[in-house]
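The next block holds one structure in the form of structure tokens; read it before the comments.
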Amino acid sequence: MRIVDVVEITKPIASPIRNAYIDFSKMTASLVAVVTDVVRDGRRVVGYGFNSNGRYGQGGLIRERFRDRITEADPATLLNDEGTNLDPHRIWAKMMMNEKPGGHGERSVAVGTIDMAVWDAVAKIEGKPLFRLLAEMKGREANPKVFVYAAGGYYYPGKDDSALRKEMRGYLDRGYNVVKMKIGGAPIDEDRRRIEAVLEEIGSQARLAVDANGRFDLETAIAYAKMLRDYPLFWYEEIGDPLDYALQAAVSEFYDAPMATGENLFSHQDARNLLRYGGMRADRDYLQFDCALSYGLVEYLRTLDVLRQFGWSPSRCIPHGGHQMSLNIAAGLGLGGNESYPDLFQPYGGFPDGVKVQDGHIVMPDIPGIGFEGKSDLIKVMRELAE
Ligand SMILES: O=C([O-])CC(=O)C(=O)O
Ligand SMILES: [Mg+2]
């Protein structure tokens, strides 16, 4: 059993939207295939992965460094003790050979993308959905029912409050009961008006989360906190710079309701610093680390260990990114749910065909691997890459 090749292609996931920090007019993602010589059900096992939106494709790093460390390794060193499957931890260690600690940059995205493909292959070789494999690995009961919320509410040229309301109404019609919108990309009075418009639209049918995408300095963060306190929000997300833990802690003194952050923290060490210094509260706040941006599930397991050491339940995690990898981690390891972008970043995000949102939850189908084979538009582009 061996990995025959690791292939990458950088694909556009552009759209005309913007948040408080970036627009997505040139956004790309890496699609990766880990090709094995294993055959299951008459078909060669290929694991697939891709990176989440917000960081760009990582073809350079993958092709120049990480691919070769896998393909040039002695194949036996990448297997589990029994030689019956690939070992994601050993493959991860090979990829990270001769990489210094700290300064995580975007190599964490390159490694996270390959790691997703490795886990997909591992679960396919086992013939099981990844979430069931993860639950078994940790001696837990899998829970295929996962909370999901609808992320959107972007700034968009010509988008007025009625278009924003219509967008949110569309999410409610599709079964969501928590929706998210962007703030911080307009003056505070305008954001207040947008928030009120959405709250009026969703009424008691849903809750609203707001996301500042790391835009605010401390003064603005506090001004918004005071404004947002007037409304019953689900959370106040990524308030200031992701690495400014003191700002996060200071805002917590002005904002009792839930806060969320972590999508731009890319390692268990950074996650630990957030819990040490960020003033985050284990009884109400949410952590959004996204394995596809942060060295993959091998690293995410370390992050979950850090959480445990600091007295945080995995149920406080609702990852960023809207991909099926985090759905599997949620169902297998007891996270609190997952993000979803009903209208964006297709075909990569979303659920297998036929999976419907009901009362803000989906039920994971039993598909071997991460479940990409169940999403016809996605598996089509994946197979174009490697089969
Ligand atoms: O707009 C983005 O970069 C995505 C984001 O923050 C989120 O999904 O929470
Ligand atoms: Mg966000």
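Determine the shape class of region 81-161: with a ≥ b ≥ c the square roots of the Cα gyration tensor eigenvalues, call it rounded for a/c under 1.5, and otherwise prolate if a/b is greater than b/c, oblate otherwise. Mind dumping the intermediate values first?
Values: a/c = 2.92, a/b = 1.36, b/c = 2.15.
Judged from the Cα gyration tensor, region 81-161 comes out oblate (a/c at least 1.5, b/c at or above a/b).
Tell me the per residue accessible area of region 1-69 using a 1.4 Å probe; a whole number in Å² is fine.
44
Given points 7 Å out from each Cα along the Cα-Cβ axis, report the Thr10 to Ala93 separation in nanometres with one decimal.
It works out to 3.2 nm between the two label points.
How many angstrom separate the Cα center of region 144-206 from the Cα center of region 336-378?
21
In whole Hz and in residue order, list the ³J(HN,Hα) couplings for region 251-262 that follow from phi through the Karplus curve 6.51 cos²θ - 1.76 cosθ + 1.60, θ = phi - 60°; x for Gly and Pro.
5, 4, 6, 10, 9, 7, 6, x, 10, 9, 6, x
Normalised by the number of residues in region 1-154, what is the relative contact order in percent for Cα pairs under 8 Å and 6+ residues apart? Intermediate results must be reported in sequence, preceding the final value.
Numbers: 255 pairs, mean separation 37.6, N = 154.
Answer for region 1-154 is 24 percent.
Can you compute 3J(HN,Hα) from phi for each residue in region 325-334, using the Karplus curve 6.51 cos²θ - 1.76 cosθ + 1.60 with θ = phi - 60°, rounded to whole Hz and x for Gly and Pro?
Going residue by residue, I get 4, 5, 4, 5, 5, 4, 5, x, 10, x Hz, with x marking Gly and Pro.
Please go through region 144-244 and write out the trypsin sites (Lys or Arg not before Pro) that DSSP classes as loop and that have at most 14 other C-beta atoms within 10 Å. Don't jump to the answer; show the numbers that get you there.
Numbers: sites: Lys145, Lys159, Arg165, Lys166, Arg169, Arg174, Lys180, Lys182, Arg192, Arg193, Arg194, Arg207, Arg215, Lys226, Arg229; in loops: Lys159, Arg174, Arg215, Arg229.
The qualifying sites are Arg174, Arg229.
What do you get for the angle between helix 296-309 and the principal long axis of the chain? Use alpha-carbon atoms, 0 to 90 degrees, nearest ten.
Once rounded, the angle reads 60 degrees.
Which semi-axes, in whole Å and largest first, does the equivalent ellipsoid of region 95-229 have when worked out from the alpha carbon gyration tensor as the square roots of 5 times its eigenvalues?
37, 23, 14
What are the lysines whose alpha-carbon lies under 22 Å from the alpha-carbon of Lys26, with same-chain residues fewer than 8 places away excluded?
Here the lysines satisfying the reach criterion relative to Lys26 are Lys11, Lys159, Lys182.
For Arg207, list long-range residues whose amide hydrogen, built 1.01 Å from N in the peptide plane, is under 5 Å from its own amide hydrogen.
Val178, Val179
Enumerate the lysines that Lys128 could reach by cross-link, defined here as Cα to Cα under 28 Å, with residues fewer than 8 away along the same chain left out.
Reachable lysines: Lys94, Lys138, Lys145, Lys356, Lys375, Lys380.
Over the chain, what is the relative contact order in percent, taking alpha-carbon pairs closer than 8 angstrom and at least six residues apart?
Once normalised by length, the contact order is 20 percent.
Work out the FRET efficiency for Thr71 and Asn273 from their Cβ-Cβ distance, taking R0 = 25 Å, and round it to the nearest 0.05.
Result of the calculation: an efficiency of 0.15.
Rounded to whole Hz and in sequence order, give me ³J(HN,Hα) for region 168-173 from the Karplus expression 6.51 cos²θ - 1.76 cosθ + 1.60, θ = phi - 60°, writing x for Gly and Pro.
Karplus-based 3J(HN,Hα) across region 168-173 equals 5, 4, x, 5, 4, 4 Hz.
Cβ neighbours within 10 Å, averaged per peptide: list 274-286, 50-62, 231-243 in order, most packed at the top.
The most tightly packed comes first, giving 50-62, 231-243, 274-286.
Before rounding to the nearest 500, sum -39500 (n - 2.57) across all DSSP H runs of length at least 4 in the chain and divide by the residue total; then give [θ] at 222 nm in deg cm²/dmol. Don't skip to the end; give the middle numbers.
Numbers: 12 runs with 133 residues, N = 387.
Value at 222 nm, helices only, nearest 500: -10500 deg cm²/dmol.
Note the angle between two axes, namely the Cα long axis of helix 188-202 and the longest principal axis of the Cα atoms of the chain, as a number of degrees from 0 to 90, rounded to the nearest 10.
Between the helix axis and the principal axis of the chain, the angle is about 80 degrees.
Scattering from the C-alpha atoms of the chain alone, worked out with Debye: what is log10 I(q)/I(0) at q = 0.14 1/Å?
Result of the Debye calculation: -1.21.
Check Asp5: other-chain or 5+ apart residues with amide H under 5 Å from its amide H, H built from backbone geometry?
Val35
What are the residues whose amide H is under 5 Å from the amide H of Gly369, where those residues sit 5 or more places off or on another chain and H is modelled from the backbone?
Excluding prolines and chain starts, which carry no amide H, the hits are Lys124, Lys128, Leu130.
Normalised by the residues of region 97-199, what does the relative contact order come to in percent, with Cα pairs under 8 Å and at least six apart?
The value is 22 percent.
Let me know the charge dipole size of region 169-268 about its Cα centre in debye, to the nearest 20, where only the beta-carbon of Lys, Arg (+1) and Asp, Glu (-1) is charged.
Numbers: 11 positive and 18 negative charges, 75 e Å.
The calculation lands at about 360 debye.
Could you give the length gained by full extension between Asp160 and Arg284, i.e. 0.36 nm per residue of separation minus their alpha carbon distance, to one decimal place?
Contour length minus the Cα-Cα distance gives 41.4 nm.
What full-extension length gain, to one decimal in nm, is calculated for Glu64 and Arg229 as 0.36 nm per residue of separation minus the Cα-Cα distance?
That pair, Glu64 and Arg229, stretches by 54.6 nm at full extension.
With no solvent and one equal point scatterer placed on each C-alpha of region 286-341, evaluate the Debye formula and give log10 I(q)/I(0) for q = 0.16, 0.27 Å⁻¹, two decimals.
Log-scaled intensity ratios, in q order: -0.38, -1.14.
The values are calculated or read from the model by the stated rules, or taken from the named source; none is laboratory data. As the structure is a prediction and not an experimental result, all values here were calculated from the model. In this analysis, Cβ positions are derived from the backbone assuming ideal geometry, glycine residues included, and neighbour counts consider all displayed protein chains. In case anyone asks, the SASA skips ligands and DNA or RNA and just uses the protein heavy atoms, side chains included. Shrake-Rupley method; radii C 1.70, N 1.55, O 1.52, S 1.80 Å.
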